[in-house]
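Student: If you scroll down you'll find the structure; I have some questions about it.
The values are calculated or read from the model by the stated rules, or taken from the named source; none is laboratory data. Note that this is a predicted model, so its numbers are computed, not measured. Ideal geometry is used to build each Cβ from the backbone, glycine not excepted, and the neighbour counts take in all protein chains shown. Ligands, DNA and RNA are stripped out before the accessible areas are found, and what is left, the full protein with its side chains, is counted by its heavy atoms. Shrake-Rupley method; radii C 1.70, N 1.55, O 1.52, S 1.80 Å.
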Amino acid sequence: MTFDPYRTPPADGRPVAPVRRGPDGALITIGLLSVVMLLSELGILAYDISQQGPGYLPTALGLSFDHYVQEAPVGFFGYDSALTVALVVLAVAAFTGRRWVRPAAVALFAVDGYSAGAFLIYELTNEFTAGRFAEPFSSLMLNLTRVLAVVLALVVAVVVLATRPRGPVPGAAGPQQNPYLGYPQPAPFPAQPGGPGQPFGSAPPYTPAPSFAAPPQYTGAPPFPPAQPYTPAPPGAPPATPPADRPEDRHQG
C-alpha cells in the first residue's frame, strides 16, 4: 500500500485514501524469470531423485554425498536448495511489488550465472568432458540448465537497467495531499530559472515591500550646525583677603 504525494486532494478537503499500486512490468518480468529458474532447479532435483530414490534428499540438502549421481554432469546439492528458497521469496516479492526486488534479482541471478558460466567453460574446455556435453540426452538437458542460468542472468540485468528511474518525479502544481495527515500541504516553491536544479524547487528571491512615504530630499547642507571645538574656561582670580585690623583702630572712640 502506497500513496501518491503529488495527487490533488478533493475539493471538500477530505483525507485521501492511500493508493494501492500493483507491480510494474519490470517486476512482473523478474517474477516470471524467477519462476522459470525455479522450475529448472526442480527439474534437476526430480532427475536426481528418479536415479537414486528418496534417499537423495539428504544429498540435496547438503547433509551428505552418499547418493551422488555420478553419471550426471549437474546435480542438486545444498547450494541449489538455498537457491530454490531464494527464488521462491524473490518471485513472491516481485509479484507483490516490493521495491528491493530489482537489486536482489541482479545479485542473485549474477551469482548463479557466474557459477554456471564457469562450469560451462570447464565442461567445454576439459578433454575428458568436452565430448560428453550432449551425450547421453540426459546430460544435454542438465547442461542446458546451466546455459539457461547464464541467459537469465543477462536478461535480468538488462531488464533492471532498462527500467531504472531516469530522474526526479515531476510534481504537480497546487496544494499537495498527504493521506496520513488529513489536510492539504502547500506546494513546493517553483525552481528559479538559471539557478541550480533541485528536486523540490527553490525559494523565490526576497523582495522588500514598497515604501509609500518618500524620504526627505538631500540638499547638501547638514541638518544640524557643526559642533564647535571645546575651549576650556580661563582660571579665575583668587578671592580677595580682607585686611587685618590695626591696633590703633581698636582703641578709637
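Student: Return the total of residues in the range 74-98 being in a helix (DSSP H, G or I), open to solvent by 30 Å² or more (accessible area, probe 1.4 Å) and more than 20 Å from D48 (Cα to Cα).
Tutor: 5
Student: Can you tell me which residue in the range 99-132 is nearest to Y79 (Cα to Cα), limited to those that are open to solvent by 40 Å² or more (accessible area, probe 1.4 Å) and not in a helix (DSSP H, G or I)?
Tutor: W100
Student: Still on this structure, please answer the following. In the set A82, A118, A107, which member is without any contact (Cβ under 8 Å) to a residue 12 or more places away in the chain and either over 28 Å from I28 (Cα atoms) or of a type in the set (D, E) (or both)?
Tutor: Just a single option satisfies the conditions, and that option is A118.
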